[in-house]
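The values are calculated or read from the model by the stated rules, or taken from the named source; none is laboratory data. Owing to the predicted nature of the structure, the values given are computational and were not obtained by experimental measurement. With ideal geometry, Cβ positions are generated from the backbone for all residues, glycine too; neighbour counts draw on all protein chains shown. Side chains included, ligands, DNA and RNA excluded: accessible areas come from the protein's heavy atoms. Shrake-Rupley method; radii C 1.70, N 1.55, O 1.52, S 1.80 Å.
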Amino acid sequence: MSRIKSALATTAAAAVLATGTLTTLSTPAEAAAGGRVCLVLAPNSVDVDGGGKLRPLGHIGWAFRNSSKTWTYGATEGDTGERKNTFIATGSWNRMLQNFKARHTGKKRYVKYRCLGTPSANAAKAQRAARTSATNGYNLARNNCLTKSVDIFHAYSPWLNNSRRLPDPKPYGVSLTPNHYYNKLLPKAGWSGTVNL
């Protein structure tokens, strides 16, 4: 009888600990096991005709989980491909969200994100790809904020090399717009619903 009581007590304690662990996590993106990647959208950025009839192209930032407590995140924020126009940072999930939220105001403001879990993750390889993105030039049609984000995610997990999970940003040889990619292609690829910052 005492063995049964001891086993029940151990099981109850484990359940309380597990429940406590789950309730301290703030969002499903933070709670997911394995790897995790997110794209963060500034939908009103890159207005090529200055408020004319064309809609803004949008701008995108990226984030990937290093461990259960830290993320690496950033974006190519200029049109020169110079290190000064790329930001790369590491921090907690909440710090990452705050950094994107407060980074810009007005039309350049990041406003929402989507995430996807991965069964494998190589944060060190993705960090190297992020550093490369800061110095490998810039071309609006072929090497931009969106294509660089996808390159970083390919380095993060081979599982993302499948275009059904991470759509090709250049299906016709030139880059899709960040707004189209985020709003139209990611939902079809199984990414999470959009979350406002």
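Among the residues of the range 170-197, those identified as more than 16 Å from residue 116 (Cα to Cα), open to solvent by less than 40 Å² (accessible area, probe 1.4 Å) and touching a residue at least 60 places away in the same chain (Cβ under 8 Å) are 178, 179. Quick check: anything in the range 110-130 of a type in the set (A, V, I, L, M), out of contact with any Lys or Arg (no Cβ under 6 Å at 6 or more places or on another chain) and under 26 Å from residue 55 (Cβ atoms)? Yes, there is a match, as at least one residue in the range 110-130 is of a type in the set (A, V, I, L, M), out of contact with any Lys or Arg (no Cβ under 6 Å at 6 or more places or on another chain) and under 26 Å from residue 55 (Cβ atoms).
All of (1) in contact with a helix residue (DSSP H, G or I) (Cβ under 8 Å, 6 or more places away or on another chain); (2) open to solvent by less than 20 Å² (accessible area, probe 1.4 Å) hold for residue 89 with one exception: (2). Hey, could you check the range 105-123 for residues that are touching a Phe, Trp or Tyr at 6+ places or on another chain (Cβ under 7 Å) and open to solvent by 40 Å² or more (accessible area, probe 1.4 Å) and say which is modelled with the lowest pLDDT? If we take residues in the range 105-123 being touching a Phe, Trp or Tyr at 6+ places or on another chain (Cβ under 7 Å) and open to solvent by 40 Å² or more (accessible area, probe 1.4 Å), then 120 is modelled with the lowest pLDDT. Look at the range 140-154: where a residue is assigned to a strand (DSSP E or B), no partner that is of a type in the set (A, V, I, L, M, F, W, C) and open to solvent by less than 10 Å² (accessible area, probe 1.4 Å) sits 6+ places away or on another chain with Cβ atoms under 7 Å. So for the range 59-79 (the condition being touching a Ser or Thr at 6+ places or on another chain (Cβ under 7 Å), among the small types (Gly, Ala, Ser) and not in a strand (DSSP E or B)), does at least one residue qualify? Within the range 59-79, none of the residues are touching a Ser or Thr at 6+ places or on another chain (Cβ under 7 Å), among the small types (Gly, Ala, Ser) and not in a strand (DSSP E or B). What about residue 126, is it free of Cβ contacts under 8 Å to residues at least 40 places away in the same chain and either open to solvent by 10 Å² or more (accessible area, probe 1.4 Å) or in a helix (DSSP H, G or I) (or both)? Answer is no for this residue.
Take residue 45 and tell me if it is assigned to a loop (DSSP other than H, G, I, E, B), in contact with a helix residue (DSSP H, G or I) (Cβ under 9 Å, 6 or more places away or on another chain) and open to solvent by less than 40 Å² (accessible area, probe 1.4 Å). Taking the combined requirement at face value, the residue satisfies it.
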